1. What are the label-to-label distances in nm, one decimal and shortest first, from residue D:71 to the same spot in the other copies, with labels 7 Å along Cα to Cβ?
2. So in the stretch D:3-353, what percent of DSSP beta bridges are antiparallel if you round to the nearest 5?
3. Compute the label-point distances linking residue A:145 to its equivalents in the other copies; points lie 7 Å from Cα along Cα→Cβ; give nm, one decimal, shortest first.
4. Please state the Cα pair-distance histogram of the stretch B:50-205 with 10 angstrom bins from zero: what percent is in each bin?
5. Place the label 7 angstrom along Cα→C-beta at residue A:268 and in each other copy, then list the distances from the first to the rest in nm, shortest first.
6. Can you pull the percent of Cα pairs in the stretch D:117-191 with separation above 14 Å?
7. Rg (Å, one decimal) plus Dmax (Å, integer) for the alpha carbons of the stretch A:265-360?
8. What Kirkwood Rh does the stretch C:1-103 have if only Cα atoms enter the pairwise 1/r average? Answer in Å.
């Protein structure tokens, strides 16, 4: 339940207001240089309190490597990483100990487990994603050694949509506080989020992602198609409501003659497709073109407004607007989307190595 | 790779033009009455040649149960089901033995495996879904015994969209050749598909699905969220490009105060939500409300038109319009979507039973 | 539950007196030549009725390949194999429909599942091992292509023990009806089994096995040690009561200075060990020396003698000596032990390929 | 690779001389009271330096619970436990950085991973079993709530064998430094171990184990037989060379008429067997009788004597007797065997709950 992946496999643990958050990475190849500065920079991209449009909650998100490295390199044994909690402020949550916050996991956890840590959502808190980003950073280091790059970015906030295709974007300009690689659109999004925040409200958004130079052949028919695992990975992130890749939902409006990607041989003798409605994946297997997809995030459920609800006994109650939360999750979701993508691609990369072809 | 599920687990095998297609179901509870008439009726809903808007390929799709039942009931041992191929017509495919059909899996299988069965797509053929429907029918029998129902239907073809919400639909009118529960819209869709077919072209569509009376508590945090597994299941179906549940991609435009589903106690003392943007799932766990989602299918890649492509060596070639294929996949996709949903819900239902709460 | 292996993964199905027995092999590398004559010869080694010291039940054990091959070679997609039942004689079993045969699985299946196929043990019948031998034959073909050989043989029947070490044996003389590579011992064993058989009784035995030229590095710490998976594989065979490898239970009597295998460099510059108490495995990982192990089989539970027992309701009853069974299981168990060993080694061989070392 | 179990699933991490050793337990039922004093007492039974016949290495083996509990009870989310290393003394190991110690995992790890932590065996060190004992203690707490007990004990050291059957033993006398429940035999064993220790040598031994009041029906045919998983669990412990249950290797000498366990109804109307050669398991499923088994441990490989070996380059070298190690592993192995047994039984207990019988 708390494990993801087959060969490169992560297991996460920890709660929002317990000792901390952690992850065990099993199946990391031996000999990988563990660049601690890179890990820290990835953690920083996700951490709270990074800008005026994120939650003011402060967490250092410093990682401790508990096992699996020797003299700076991975040994092939499990890499355990721990991120102690700091700015926990458990007192904040006593007011919701017996109340079900609307559109949170309070009610379903209570019914499933009986015994839940109500402080900050406990295990259901998005704080769990810190562990994913740490593990994803290790996966990214592996993929970098193979020349594979992953670029996530914010492409929509509310009704404000980035009009450009990914191929027109300049990713070197991505790391503004919005993580939208177009300054003009980023500014609009930031202004809108600030407005929503001042209303005590929240807003949804879309994170897009493109993966480049993936080798041909990754992905497994029939159930473990590359995009099926990518979709599961993204849908497992808190607040995600939808996933589409390549032509996506828009593609249903096209005719086959418009949608099909014809093959040709390029100047280097490589087989390519003229268009890429397939999104780099055909029959569940990468074809060498860019893989791109979109992930829809609903508005954050915690509001600075009062909401009606019920308590443990079903009695009517009011959930007051309190706590420290993001008005819009997508800027901080970008590194999480990238991390999950890195985990999926790394896993398939290593799975593919176990496919031996006889006499080849 | 060819296995889906954890407790109720299926493994499929078989190719489009081999001996047949089959599935082994492991973990089916003992004592389940195997209603062969129901199995046959489900197979009939998926089978080719069922109407003027589906492929004329004829397959009886008669199932043979090879193991796992005794005196008409499941024994708890693996249920193996085999569906022999009949109208194979392998000769049809010699013309594409060395050509890569655009937007098919020919190229990626060739690169991944070296040794591919090019006849009708071999393993990558949608014929594999016959096994899923057979397994899904067993899962449906289980869910029926628990009072859980699953209704899939066509909600979009090209630009033609069913404007009504699922709650306004009369599913008793669903089983027309379009599997769209609104006669007027169904007629428009059928006419459009016939027009596209006459052009030798194909068109995409959307299948919607609603699951009712699911108990509270199904789904596993963190990675195996109920909607994450549903998403993976749907994305593993051939030609699927996107998945969304509850408010989906539209939900990103809403503010939290609009999107949140407030709790109340209904007249029977049951905790319910006033709205259902959550789509019956909160924190990855069912909350007892209706689960609903949408699945986007791209247009079928096989056209009755010539297309440019390359062959095994990368030389330019023409893929001629030949073979027998669906102009639009969604009418036949409805039972496949339902089958995969049934497999996911059954699996989580049985997984939930292994969650014991101490002293409760 | 009915699946074994991680990368090279088999799922078996079928009952003693149903349609037949089958197996789906997932993860078989593409391009492997499927030598049907070899498969048939392996099936013949296991099949009933092969000699005067085996059950007179007759089964042709002809295999049908249902999927996964094209033009005589594996395609990388699931290889499904089916072995129809023939000499079923279901009438034989009515007398035990409601009785629990001593030391069979009748009682435990009844309690676990409620609904059991009592004919010939149903799923608990050793007939299920036919599927393992078929799958093992595919694995053997793979291992042959890597130069790895597996030799099982009978080393004990009752108190009659083959006194020689495996290294002194001539395996070319193994395929007598006893599968004991020493003529003198084989003769004694056969005479003893015939005597036991004439008493209506049965006797246990030991199958030894040696695996040669396994590459260094197979096996996974910590839980999936090579010998741990071998042990599980052997213990999963019907009637097995014990497993030991290398020095085994005798090794506990040795001192460390006697037991340790010192390393040296051989004439070819290869690192070897002077002795091999380790049985070719150190820290759960193959070290390139011969892997050898022993498997203990209890006497067959079906006797030609009356036995006291109880029926479904717990009432005292007599189970009469009827049916057709082996007086001693080990001659037919040899190919099963080899098959399971082949599956384990193949799986680890392919798993090892997914271990990438960076910069190496 | 570092994960064990299906529903109650543990993943261990950590090395002998790194930060520490840990385990993540996934699938622990919610509401279980986590008795920290019991956990500490179990850790104490395994920890080094506990008596004159164990290694003098000192480790406090204090556990830190990092996640998964709230107000003293399990929450159903992953329980992470960490055991910091203390008496590491890494300097001790520089002399073997490039040498392969005989019958250790040095050579196989080097060949498998390239990059190994040579200090104290790193991941291959038996220190990893501390994590198993911690996880096993949680499993024991669960089993205690079900009335299931597990008793491991030392039954053999070298040639000194405890002559009594488990049913004749008084387990209340077990917790001497030998963990042998017969004072006379214990004394002999201790004297022998001291003698061996003074020679700078080591000796092997056998741990026996009996599990009482297991419900009927645990265990899964076909591959996941209860004894097959028990066997794998035991064989995964460092230094184990063999596993047998019930009649074991001795059982092969018996005739079926001697070996079969006849059923009868006892005074309480319960179906029992008169004898128990089956060892409480029939067809891989528990039958309600006592489960008992034996585990063979080879002599510890680290000697206080010089041994010949080779270095990384294959050059002849001498491995000197140094470091702090157990002259005989079995007294400290008893809690490890019990822990692994507890993990297996707990896992099957929870798996069994997912087996629903329809209409029953």
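1. Result for residue D:71, in nm, nearest copy first: 5.0, 5.2, 6.9.
2. Rounded to the nearest five, the antiparallel share is 100 percent.
3. Those separations, rounded to one decimal, come out as 2.8, 4.3, 5.1 nm.
4. 8, 25, 31, 26, 10, 0
5. Relative to the other copies, residue A:268 has label-point distances of 4.0, 6.3, 7.4 nm.
6. Result for the distance tail: 70 percent.
7. Spelled out, the Cα radius of gyration and Dmax of the stretch A:265-360 are 23.1, 70 Å.
8. Numbers: mean 1/r = 0.0637 Å⁻¹.
After inverting the mean inverse Cα-Cα distance, the result is 15.7 Å.
All of the numbers you see were taken from the coordinates with simple rules; none came from a lab. Remember, it's a predicted structure, so these values are computed and weren't measured experimentally. Neighbour counts are summed over all protein chains in view; Cβ atoms, including those assigned to glycine, are modelled from backbone coordinates with ideal geometry.
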